[in-house]
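The next block holds one structure in the form of structure tokens; read it before the comments.
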Amino acid sequence: MEKSRIELKMPSDVYYLESVRAFIGKLCETLRFSKKRIADVQLALDEICSNAVYHGSTCVSSGIQLQISVNTRTLEIVVRDKGGSNTQDWITPERLAEIQEKRSPAGEGGHGLYLIECLTDVHKLEANAVGGTDVTAIFYRDANADES
Amino acid sequence: MTGTELITTRENADVKIIDVKTDLSSYAASDLRKVLEDLLMEKVNKVVVNFSEVNHINSTAVGTLVGIAKRLRQNGGDLKLCNLASTLTRTFNLIGASSVVEIYESEKSAIAAF
């Protein structure tokens with residue numbers, strides 16, 4: 001199977017996240033992911049896109065770009081935001097460590113990045129050329145093997 | 001249906017029961033927060049949220065429920081959850097919120113726990 005790529009653009013508004021979540025759910029069904037694995041992918045994407053809306057492309061019209069790549073081994077999703085005037089470099093390594101350190105189960109916030117770490121096989125956050133953040137989430141397709 | 005029609009309230013004695021009929025990502029979480037904060041304003045302090053029609057919840061919604069539970073406890077009440085699908089329970093467990101908010105298998109057992 002050659003690497004296939006799907007590109008989506010959405011307004012930077014959480015109103016549209018349900019549609020994106022439904023789309024990735026259908027794609028994962030096509031790829032024969034287990035139900036549990038589909039729920040994991042949907043939740044990870046929800047968290048990544050929510051962060052992109054609230055902390056990245058803070059202007060609705062800036063939009064968020066999703067690149068979804070599939071090959072025989074992996075499903076890879078890259079979510080790209082454009083940053084905002086008050087959120088420049090919000091996700092520096094120091095800031096990331098601070099967020100993770102402060103996270104408490106009894107806290108109301110700060111769980112998104114932790115969930116992304118738990119739910120993905122590989123993830124990375126990088127500053128992009130347009131002043132925002134690229135978040136990459138990789139899911140191994142053979143991780144379904146032992147799941148119902 | 002509008003956001004408020006998808007999150008409705010009813011009563012069982014002194015317990016308010018919230019029926020959520022939508023998946024809870026960031027957008028719907030703000031509707032849920034509004035319903036719960038309205039109950040706090042009305043001095044309601046025993047609340048059960050029924051998740052029987054919910055297939056997805058994200059960390060924003062979990063955080064909302066944790067925050068409201070803590071405020072209800074300060075008022076001598078509590079927030080209890082029931083009828084969660086296994087994927088939702090997994091999300092609460094991953095975050096650790098299941099040690100903060102009580103989860104019950106049925107609405108009856110959640111109400112009885114007050």
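Could you tell me which residue of the range A:19-43 is most open to solvent (accessible area, probe 1.4 Å), considering only residues that are on the phi < 0 side of the Ramachandran plot and away from chain B (no Cβ under 12 Å)? By that ranking, first place goes to A:26.
For every residue, the table says whether it meets (1) touching a Phe, Trp or Tyr at 6+ places or on another chain (Cβ under 9 Å); (2) closer than 19 Å to residue B:6 by Cα; (3) not in a strand (DSSP E or B).
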residue	(1), (2), (3)
B:33	no, yes, yes
B:36	no, yes, yes
B:39	no, yes, yes
B:47	no, yes, no
B:52	no, yes, yes
B:63	no, no, yes
B:87	no, no, yes
B:92	no, no, yes
B:98	yes, no, yes
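Of the residues making up the range B:12-24, those that are assigned to a strand (DSSP E or B) and either closer than 11 Å to residue B:47 by Cβ or touching a residue at least 60 places away in the same chain (Cβ under 8 Å) (or both) are B:12, B:15, B:16, B:17, B:18.
Can residue A:9 be described as assigned to a helix (DSSP H, G or I) and either surrounded by fewer than 17 Cβ atoms within 10 Å (Cβ to Cβ) or touching a residue at least 24 places away in the same chain (Cβ under 8 Å) (or both)? It is false that residue A:9 is assigned to a helix (DSSP H, G or I) and either surrounded by fewer than 17 Cβ atoms within 10 Å (Cβ to Cβ) or touching a residue at least 24 places away in the same chain (Cβ under 8 Å) (or both). Scanning the range A:44-86 for residues that are in contact with an Asp or Glu (Cβ under 6 Å, 6 or more places away or on another chain), assigned to a helix (DSSP H, G or I) and open to solvent by less than 30 Å² (accessible area, probe 1.4 Å) returns A:52, A:56.
The values are calculated or read from the model by the stated rules, or taken from the named source; none is laboratory data. Note that the structure is a prediction, hence the values are computed from the model and not measured. Counting neighbours? That spans all protein chains shown, and the Cβs are built from the backbone with ideal geometry, glycine included. The protein model used for the area step is the full one, side chains on, heavy atoms only, and it has no ligands, DNA or RNA in it. Shrake-Rupley method; radii C 1.70, N 1.55, O 1.52, S 1.80 Å.
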